Amino acid sequence: MRSASNGTIEVADRILVTGGAGFLGSHLCARLLAAGHQVLCVDNFYSASRRNIQPLMQNANFELLRHDVTFPLYVEVDQIYNLACPASPVHYQNDPVQTTKTCVHGAINMLGLAKRLRVKILQASTSEIYGDPTVSPQPETYWGHVNPIGVRSCYDEGKRCAETLFFDYWRQHRLQIKVARIFNTFGPGMHPNDGRVISNFIVQALTNRDITVYGDGSQTRSFCYVEDLIEAFLKLMQTGDEVTGPVNLGNPAEYTIGSLAELILDLTNSKSRIVRCPLPQDDPRQRQPDIEQARAMLGWQPRTPLKEGLRQTIAYFDDLLRTRGER
Ligand code: NAD
Ligand code: UDP
């Protein structure tokens, strides 16, 4: 419950966030709590750190349920954000069968829940839908270029199948769906060992270890700061029935991985050397979102420049590593 400005008592929305203890999920839970909602965080802690949700545990409006979304869930809520799924290639390739199950069975279970409750459901989809794109920047109309049997397929095809399910529930059951195609997002709260490029490079730079650039470093990515992304999630969830997505959410500023390594070295004043390592199989050559739809439908665009977001993220990892005595 919360007080409205006119003094009456409003019932706050009860919002389910699956994967709520993860990097994006914990930021989303914090924002929803700050807005006065009740949050049910569901997570099996496959790739989460308890540290992420520690500050939320004291909040009476926050509830944590350890649960694997590949199994059905019976709860009563007013909205669902479906984020449960490891996002880092290292994590999602560690148990690929479980990754596909999480994407597909997780989507079926959460869509079934949304159908029973007749509530809006937002899916955390991904730019990996586009695979190794032959079109740049990638608009939502691009169908993608995905290897169906490679090491990334458990995630790419799992997320593609989840999108199919979302749109079939919308067509067949008139469910209110919101599909967000998220491009690489970073910020405080990332797991130091999750293997993603920004966390790897910052931790390596802060501990003066070699910076591991895979391949020749000419592949590109576009990095969105986490606060900007969460803003877009909230705006997307607030849209009416006519908006289903899929909508690209990300920062269109594109960088090579080599230039990202140089920038992080510069911002951390690190003595680390840049070393070349083998390029992982099916690593996309380029990635840049076309965000015209997000601009038009949500009136949203990212506000945080890469350098500013990196400064915040470096400060977070610096603090984390010092606390652990690793720096
Ligand atoms: P994350 O790994 O930090 O968080 C995922 C969370 O899901 C973790 O807390 C994990 O324990 C939980 N989880 C995994 N399998 C589960 C299961 N079967 N049941 C319940 N919980 C489970 O990753 P993130 O960066 O926070 O990503 C969140 C979502 O956003 C994911 O669905 C991911 O695919 C999507 N996404 C993220 C990015 C990004 O750059 N961060 C980009 C594209 C898409
Ligand atoms: N990468 C890298 N060094 C690392 C980690 C990643 O060069 O230590 C590269 C990786 O090969 C990819 C890019 O950085 O080209 C982004 O990788 P990440 O795992 O963060 O996300 P992806 O976009 O590939 O899912």
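Values in this text are rule-based calculations from the coordinates and carry no lab data. Model, not experiment: these values are computed from the prediction. Backbone-built Cβ (ideal geometry, glycine too); neighbour counts: all protein chains shown.
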Please go through region 32-47 and give me each residue that is crowded, with 24+ Cβ neighbours inside 10 Å and assigned to a strand (DSSP E or B), ordered by number. Val39, Cys41, Val42, Asp43
Filter region 218-252 down to residues that are within 16 Å of ligand 2 (Cβ to nearest atom) and touching a strand residue (DSSP E or B) at 6+ places or on another chain (Cβ under 6 Å), then give me how many there are. 12
Here's a check for you: in region 124-152, which residue that is within 16 Å of ligand 2 (Cβ to nearest atom) and free of Cβ contacts under 8 Å to residues at least 24 places away in the same chain is surrounded by the most Cβ atoms within 10 Å (Cβ to Cβ)? Val146
Selection within region 65-82 - buried (at least 20 other Cβ atoms within 10 Å of the Cβ), within 13 Å of Leu40 (Cα to Cα) and within 8 Å of ligand 1 (Cβ to nearest atom): Asn82
When you look at Ser136, is it hydroxyl-bearing (Ser, Thr, Tyr) and in a strand (DSSP E or B), yes or no? no
Does any residue of region 95-116 turn out to be farther than 19 Å from Ala21 by Cα, more than 14 Å from ligand 1 (Cβ to nearest atom), charged (D, E, K, R) and in a loop (DSSP other than H, G, I, E, B)? no
